[in-house]
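Student: Handing you this structure, nothing more for now.
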Amino acid sequence: KQHILQDLRHKLPEYQLLEIRNMSFDDYMHYATICRYAITFGEGFDGYLAQPSNQGGVAFAAHNSNYFPDHDFSAYKNIFRDEQDMYQRISQTIQELDDSDDQYAMVTAKMRTLYESLYSPDKYRSQVLRLALRQFDLMPFHQPKI
């Protein structure tokens with residue numbers, strides 16, 4: 001993480017880096033709506049990756065097979081193979097996106113489409129209904145009495 005941030009400070013000095021830590025949700029949402037780029041150093045496939053694309057930004061992550069759904073993420077310009085790949089390519093990727101409004105829009109559109117396909121409102125309602133009807137995907141060996 002620190003090497004990537006140092007590299008960004010060096011190669012993109014015109015950008016202000018802000019760490020999302022110990023801040024209120026309202027402050028986070030404010031920054032999420034005005035940032036052009038975001039980087040998640042956690043699980044990768046998380047809200048920090050999803051949120052910016054809903055507000056016109058691009059978020060970056062390193063692929064982590066423990067958290068990403070079973071998809072081919074090599075098609076996404078903002079998702080790197082691993083942390084080393086992120087370190088080697090993130091500055092250049094940001095510069096390329098800065099130079100092309102079409103590329104930037106394409107990345108945000110692809111991420112919105114991905115999340116909409118995985119978390120559509122209809123799918124969400126269906127899952128909540130299944131939960132209410134106790135139609136579980138996984139069942140424990142011993143079901144507690146309710």
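Student: Modelled with pLDDT of 95 or more and open to solvent by less than 60 Å² (accessible area, probe 1.4 Å), is that true of Asp102?
Tutor: The answer is no for Asp102.
Student: A further question on this structure: For Leu18, only one of the following conditions fails: (1) modelled with pLDDT under 95; (2) out of contact with any helix residue (DSSP H, G or I) (no Cβ under 7 Å at 6 or more places or on another chain); (3) open to solvent by 80 Å² or more (accessible area, probe 1.4 Å). What is its number?
Tutor: Tallying (1) modelled with pLDDT under 95; (2) out of contact with any helix residue (DSSP H, G or I) (no Cβ under 7 Å at 6 or more places or on another chain); (3) open to solvent by 80 Å² or more (accessible area, probe 1.4 Å), Leu18 fails exactly one: (2).
Yes or no, residue by residue, for (1) of a type outside the set (S, T, N, Q); (2) free of Cβ contacts under 8 Å to residues at least 60 places away in the same chain:
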site	(1), (2)
Gln2	no, yes
Asp7	yes, no
Ile20	yes, yes
Ser24	no, yes
His30	yes, yes
Ile34	yes, yes
Ala38	yes, yes
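Student: Go through (1) buried (at least 17 other Cβ atoms within 10 Å of the Cβ); (2) aliphatic (A, V, I, L, M); (3) in a loop (DSSP other than H, G, I, E, B) for Met23 and report which single condition fails.
Tutor: The single condition Met23 does not satisfy is (1).
Student: Now for a separate question. Looking at region 83-99 only, could you name the residues that are of a type in the set (Asp, Glu) and either in contact with a Lys or Arg (Cβ under 9 Å, 6 or more places away or on another chain) or surrounded by 15 or more Cβ atoms within 10 Å (Cβ to Cβ) (or both)?
Tutor: Passing the criteria: Glu83, Glu96, Asp98.
Student: Can you name the number of the only condition in (1) under 17 Å from the mean Cα position of the chain (by Cα); (2) surrounded by fewer than 18 Cβ atoms within 10 Å (Cβ to Cβ) that Leu12 fails?
Tutor: (1)
Student: If the Cβ limit is 8 Å and pairs must be 6+ apart or interchain, which residue in region 94-121 that is touching a residue at least 24 places away in the same chain (Cβ under 8 Å) pairs with which residue that is outside any helix (DSSP H, G or I) and exposed (fewer than 11 other Cβ atoms within 10 Å of the Cβ)?
Tutor: Listed pairs, sorted by first residue: Leu118/Pro69.
Student: In addition: If I ask for residues that are open to solvent by 60 Å² or more (accessible area, probe 1.4 Å), modelled with pLDDT under 90 and either under 8 Å from the mean Cα position of the chain (by Cα) or under 18 Å from Leu8 (Cβ atoms) (or both), which ones from region 42-78 would you list?
Tutor: Correct list: Tyr48 only.
The values are calculated or read from the model by the stated rules, or taken from the named source; none is laboratory data. Worth saying up front: this structure is predicted, and the values here are computed from it rather than measured. Cβ coordinates were reconstructed from backbone atoms using ideal geometry, including for glycine residues, and neighbour counts include every protein chain displayed. The area values use the complete protein model at the heavy-atom level, side chains included, leaving out ligands, DNA and RNA. Shrake-Rupley method; radii C 1.70, N 1.55, O 1.52, S 1.80 Å.
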